[in-house]
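Undergrad: There's a structure below that I have some questions on.
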Amino acid sequence: MAPRNDGPQQGGKKQVPTLLWALPPVAVLAAVFLYPLALVVQQSVTPDTGGTSLQPYADVFASSAFREALGTTVWLAVGATVGCLVLGFVLALVIAFVPFPGGKAVAKFIDVFLSFPSFLITLALLFIYGTVGMANGLWTDATGAHSGPFQFLTTPWGVLLAEITYFTPFVMRPLLAAFSQLDTAQLEVASSLGARPARIVRWVILPEALPALAAGGSLVLVMCLNEFGIVLFTGAKGVTTLPMLVYSKAILESDYPAACVVAVVNIAISVGLYGLYRVVSRRVGA
């Protein structure tokens, strides 16, 4: 009688099925992420009157506060992303291709900067451009005026400045990595043929940087959509984004169904943009 085959063996020992190895991380993922997310979705369709209904979605979508928060979130995220892409590309070009003392130290500092919390950068901007900050203090000392001219930090433009300041290194990091892999012979050949620096950037460097720009820009866009600390610490009371609206509905108004509805919308936008990024990155890479 032929011996029974109980499964794949290696060295006389039975191999553990791949499914069993996958179960622990899947269980942890479900417990830590999927279960809380499911609770948020469930709460979003559970009005205070009880039962299950889409009325919370109808109420939130019909409110002007939600529409204003959605518009503010989108334009701040898009504006900050564009600013980060432009500023990050220019700064990365200077660090990578313009020799200057301390260039390597600056490049290493970018890695450290990525670990800073967003409120720390916002706090630094408050010390400089706040109502009683250094810039206004110097102005009042020099002119004798009662107040300084720098009052923009508590406006949407102040939030935009803080987001660009904080998120630009997230664009520079992949750009610097891409520039380090660039064949310098291409630059030398283009220069020897008489190409000006702007033309070299346009036709040699920029095509190589597109995947890094797409990666960094998409990351910044998603993080700006979900940014909470910068808006809170700037004290911009007239600026309400989707995360701020979640905080307001849940903590200040105790309207948890509405807060969960806004959170679900925010998550859907973020996941949709991530999916779009994956499609674009594949095409750019190809």
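Undergrad: Residues that are in contact (Cβ under 8 Å) with a residue 40 or more places away in the chain, hydrophobic (A, V, I, L, M, F, W, C), farther than 18 Å from Leu213 by Cβ and part of a helix (DSSP H, G or I): does region 125-135 have at least one?
TA: Yes: region 125-135 contains one or more residues that are in contact (Cβ under 8 Å) with a residue 40 or more places away in the chain, hydrophobic (A, V, I, L, M, F, W, C), farther than 18 Å from Leu213 by Cβ and part of a helix (DSSP H, G or I).
Undergrad: Assess whether Phe116 counts as being in a loop (DSSP other than H, G, I, E, B), over 21 Å from the mean Cα position of the chain (by Cα), under 30 Å from Leu175 (Cα atoms) and of a type outside the set (S, T, N, Q).
TA: no
Undergrad: Answer yes if at least one residue in region 145-166 is more than 26 Å from Leu273 (Cβ to Cβ), assigned to a helix (DSSP H, G or I) and aromatic (Phe, Trp, Tyr), and no otherwise.
TA: No, that holds for no residue.
Undergrad: Something else now. Can you give me the ranges of the helices (runs of 4 or more DSSP H) entirely in region 8-107 with at least 3 residues that are touching a residue at least 40 places away in the same chain (Cβ under 8 Å) and either within 20 Å of Val246 (Cβ to Cβ) or of a type in the set (Lys, Arg) (or both)?
TA: The helices (runs of 4 or more DSSP H) meeting that bar are 35-44, 55-62, 64-97.
Undergrad: Here's a follow-up. If we scan region 243-253, do we find a residue that is modelled with pLDDT of 90 or more, under 14 Å from the mean Cα position of the chain (by Cα) and not β-branched (Val, Ile, Thr)?
TA: Yes; the residues of region 243-253 include at least one that is modelled with pLDDT of 90 or more, under 14 Å from the mean Cα position of the chain (by Cα) and not β-branched (Val, Ile, Thr).
Undergrad: It is to be established whether one or more residues within region 257-271 are in contact (Cβ under 8 Å) with a residue 40 or more places away in the chain, surrounded by fewer than 17 Cβ atoms within 10 Å (Cβ to Cβ) and under 28 Å from Leu126 (Cα atoms).
TA: Taking every residue of region 257-271 in turn, none turns out to be in contact (Cβ under 8 Å) with a residue 40 or more places away in the chain, surrounded by fewer than 17 Cβ atoms within 10 Å (Cβ to Cβ) and under 28 Å from Leu126 (Cα atoms).
Undergrad: Quick one: Ala195 ticks every box in (1) modelled with pLDDT under 85; (2) assigned to a helix (DSSP H, G or I) except a single one, so which number is it?
TA: Of everything listed in (1) modelled with pLDDT under 85; (2) assigned to a helix (DSSP H, G or I), Ala195 misses just condition (2).
Undergrad: Now, a different point. Under 27 Å from Ala268 (Cα atoms) and either surrounded by 15 or more Cβ atoms within 10 Å (Cβ to Cβ) or not hydroxyl-bearing (Ser, Thr, Tyr) (or both): is that true of Leu126 in this structure? Walk me through it before giving the result.
TA: Numbers: under 27 Å from Ala268 (Cα atoms): no; either surrounded by 15 or more Cβ atoms within 10 Å (Cβ to Cβ) or not hydroxyl-bearing (Ser, Thr, Tyr) (or both): yes.
Taking the combined requirement at face value, the residue does not satisfy it.
Undergrad: Inspect all residues belonging to region 143-163 and state whether any of them is within 13 Å of Val231 (Cα to Cα), modelled with pLDDT of 85 or more, among the hydroxyl-bearing types (Ser, Thr, Tyr) and in contact with an Asp or Glu (Cβ under 9 Å, 6 or more places away or on another chain).
TA: No.
Undergrad: Would you please list the contacts, defined by Cβ atoms under 9 Å and residues six or more apart or on different chains, that run from a residue in region 230-242 that is closer than 16 Å to Ser118 by Cα to a residue that is assigned to a helix (DSSP H, G or I) and of a type in the set (Phe, Trp, Tyr)?
TA: Ile230/Phe119; Ile230/Tyr166; Leu232/Phe119; Leu232/Tyr247; Phe233/Phe119
Undergrad: Hey, any hits in region 59-73 for a residue that's modelled with pLDDT of 80 or more and exposed (fewer than 10 other Cβ atoms within 10 Å of the Cβ)?
TA: Yes, the conditions are met somewhere in region 59-73.
The values are calculated or read from the model by the stated rules, or taken from the named source; none is laboratory data. Not measured: the values here are computed from a predicted model. Please note: Cβ atoms are built from the backbone with ideal geometry, for glycine as well, and neighbour counts cover all protein chains shown.
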